Structures are given as structure tokens and as C-alpha cells.
Amino acid sequence: MGHRIIKLEEKNIDEVVSLYIDVFSREPWNEKNESNEIRLYVERMLNLNSEQSFLYTENKHLIGVAIGFVKPWYKGEEYILDTFLIHPNHQKKGLGQLFLTELKKTLNNQGVENIALDTDKHTPAERFYLKNGFKENQESIFLFSSTHIE
């Protein structure tokens, strides 16, 4: 197999947007994303000065996408994995695990100490991450708030 991990570049945006919409329109997410919204998200992520996003390909065919960025952390640098997805035709075949392993190696070679992410509870994604070495932080909770003041 010709699996490769490569940097996400602007020329890949259309293919990434299409795959993103395909993956997240399915169970269990059932999202109804607009192409222009996802394109803007990917473009904004690519414009971050600490952006580190990758594609996982097999013989030049897109298999997976990891969108994220590196930020300072008290133990060095931490990678925030904002989006991780595998093409529906390649799910449940071990390719997500292979991609994640390659991503960890790539980041480790750059001196990144840790990967952090958030995902929905009780989903296949949560089970996937736990199976692949991620641990739930029992001492913290993910919170969010609108910036609109009422």
C-alpha cells in the first residue's frame, strides 16, 4: 500500500471540503454543513501561523484529514486536533489508527509533546480515541459560551 501523510495545502481545499461534508452528514453526526462554511473554516485554519494540518493518502487518493494547530503548553508544545476524519469507504479498516500513529510520529519529530481534542461523548469517535491511547481528563470539563451579551 502507498499510504502517505502530507501537509494540507490550499490546492487540497476543495477535496477536503467535499470529504468533510460527506463524513459529517452521516450518522452519528447528521450535520447539514454548507460548502462555503466548511471552506471558510479550512481556509481560516490554514491561515493560522501555528497551523499543522495533514492529509492521509493512498496512491494519491484522499483517505483522511487532520486539521489542527500547535500551541504553547506548560510542558512544551501541544497539538490541538480540531478535526480528524477518514473517508467513509475506508472506515473500520484500521486506516484511522494508522493515520493517527503517523500523525503522532510526525508531531513527535517536531517536538510536540501532547495532542488534545474534544469529541462528543458516547460516539464511535470517543471509542476510537480511547482505543488509540487518548485519556479522558477527569479533572477538567470542556466549557463554551457565546460572546453575545444579552
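The values are calculated or read from the model by the stated rules, or taken from the named source; none is laboratory data. It should be emphasised that the depicted structure is a prediction, and the values quoted were computed from it without experimental measurement. Note that each Cβ is placed from the backbone with ideal geometry, even for glycine, and that neighbours are counted across all protein chains shown. Surface accessibility is based on the protein's heavy atoms, side chains included, excluding ligands, DNA and RNA. Shrake-Rupley method; radii C 1.70, N 1.55, O 1.52, S 1.80 Å.
For the reader, a short list of remarks on this structure follows.
- Subset tally (residues that are in a loop (DSSP other than H, G, I, E, B), open to solvent by 80 Å² or more (accessible area, probe 1.4 Å) and over 21 Å from GLU126 (Cα atoms)) for the stretch 1-31: 2
- Answer from TYR79, TYR74 - the residue that is on the phi < 0 side of the Ramachandran plot and open to solvent by 80 Å² or more (accessible area, probe 1.4 Å): TYR74
- Some residue of the stretch 93-104 being closer than 22 Å to VAL16 by Cα, hydroxyl-bearing (Ser, Thr, Tyr) and in contact with a helix residue (DSSP H, G or I) (Cβ under 9 Å, 6 or more places away or on another chain): no
- Residue check, LYS121 basic (Lys, Arg) and either in contact with a helix residue (DSSP H, G or I) (Cβ under 6 Å, 6 or more places away or on another chain) or in a helix (DSSP H, G or I) (or both): no
- When LEU85, LEU100 are checked against the criterion of being open to solvent by less than 40 Å² (accessible area, probe 1.4 Å) and not in a strand (DSSP E or B), LEU100 stands alone in meeting it.
- When each of GLU77, GLU126, GLU58, GLU139 is tested for being within 22 Å of ARG26 (Cα to Cα), of a type outside the set (Gly, Ala, Ser) and out of contact with any helix residue (DSSP H, G or I) (no Cβ under 6 Å at 6 or more places or on another chain), the lone residue that passes is GLU126.
- Restricting the stretch 80-114 to residues that are touching a residue at least 40 places away in the same chain (Cβ under 8 Å) and among the β-branched types (Val, Ile, Thr), the residue that is farthest from VAL65 (Cα to Cα) is VAL112.
- Note on the stretch 32-69: residues that are open to solvent by 20 Å² or more (accessible area, probe 1.4 Å), within 15 Å of LEU107 (Cβ to Cβ) and of a type outside the set (Phe, Trp, Tyr) total 3.
- Scanning the stretch 107-131 for residues that are open to solvent by less than 100 Å² (accessible area, probe 1.4 Å), among the polar types (S, T, N, Q) and over 14 Å from the mean Cα position of the chain (by Cα) returns GLN110, ASN114, THR123.
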